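The values are calculated or read from the model by the stated rules, or taken from the named source; none is laboratory data. This structure is a prediction, so every number in the text was calculated from the model and none was measured. Virtual Cβ from ideal backbone geometry, glycine too; neighbours counted across all protein chains shown. We work out accessible area using only protein heavy atoms, side chains counted, and drop any ligands, DNA or RNA first. Shrake-Rupley method; radii C 1.70, N 1.55, O 1.52, S 1.80 Å.
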Amino acid sequence: MTEINTLTPRDAFELLMAGNQRFVAGAPEHPNQDATRRTETAPSQQPFAVLFGCSDSRLAAEIIFDRGLGDLFVVRTAGHVTGTEVLGSIEFGVSVLNAPLVVVLGHDSCGAVAAACSALENGQTPGGFVRDVVERVTPSVLAARAAGRETAGEILAEHIEHTVDLLLERSHVLAEAVAAGRAAVVGLSYRLADGSAQLVATRGLDVTVPTAS
């Protein structure tokens, strides 16, 4: 078993993306999902990545990245909106569990993004605490439109990148870990139809972000 403590941010990123490639190809290996792994991880955990994603039921992290018990420290909210609990959880994953990678995972056909776009167009927002979720996504939609990014894919990419930057702006713990090279933050956009996770933003990791098609 690979010693997670020895993984660099790049190692962790490559490990995660290799799992997604297996999932897309329909050839998952289902690593670390047996009784032996359960016993190994019972005393403690050493996840190689903190995954902050949308709560959408189609984004089950361990499935789409073909990982298992103890591999991913997962935090999820609708529209991957950020609050103090999210920041504290991510800081725990990085500073206490020593995960070298933080991933912001968004996806196409996101209801929170669609609701924010709709609210801007018709002036109507949902009631209850759903309204708070929509309002936290709205700045991303406004920033995308101000930059001339109008398509659903462009708005989603803007929201993912905005979330990446927001984490680093609000969390000194995370920003210091990235500046010191102990961790990196990446933004991925998941495609529901084919299961692929596409890189849209990176901070602290020298990986080229593909040009949007």
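Here are some notes:
- With a Förster radius of 25 Å applied to the C-beta separation of Asp108 and Ala18, the computed FRET efficiency comes to 0.65.
- Overall, the accessible surface of the chain at a probe of 1.4 angstrom is composed of carbon and sulfur to the extent of 52 percent.
- Alpha-carbon centroid distance for the pair segment 18-54 / segment 182-213, whole angstrom: 19
- Per-residue HN-Hα couplings for segment 23-35 [Karplus 6.51, -1.76, 1.60; θ = phi - 60°; Hz; x = Gly/Pro]: 5, 4, 6, x, 10, x, 9, 6, x, 6, 10, 10, 5
- Its alpha carbons considered, segment 122-189 gives a radius of gyration followed by a Dmax of 14.5, 45 Å.
- The slack between Glu85 and Asn122, meaning 0.36 nm per residue of separation minus the straight C-alpha distance, is 10.2 nm.
- Computed over protein heavy atoms with a 1.4 Å probe, the accessible surface of the chain works out to 49 Å² per residue.
- Along segment 78-95 the Karplus relation, 6.51 cos²θ - 1.76 cosθ + 1.60 evaluated at θ = phi - 60°, assigns HN-Hα couplings of 4, x, 6, 7, 10, x, 5, 5, 5, 4, x, 5, 5, 4, 4, x, 8, 8 Hz to successive residues, with x for each Gly and Pro.
- Read-out Cα extents along the principal axes in Å, derived from the coordinates shown; its label in (i) 65, 40, 25; (ii) 54, 39, 36; (iii) 58, 35, 31: (ii)
- For the listed peptides 47-60, 126-139, a ranking on the average number of other beta carbons within 10 Å per residue, highest first, reads 47-60, 126-139.
- Potential lengthening of the chain between Ala179 and Ala152 amounts to 6.5 nm, from the contour at 0.36 nm per residue minus the alpha-carbon distance.
- On the beta carbon distance between Asp194 and Ser55, with R0 = 25 Å, the FRET formula returns roughly 0.75.
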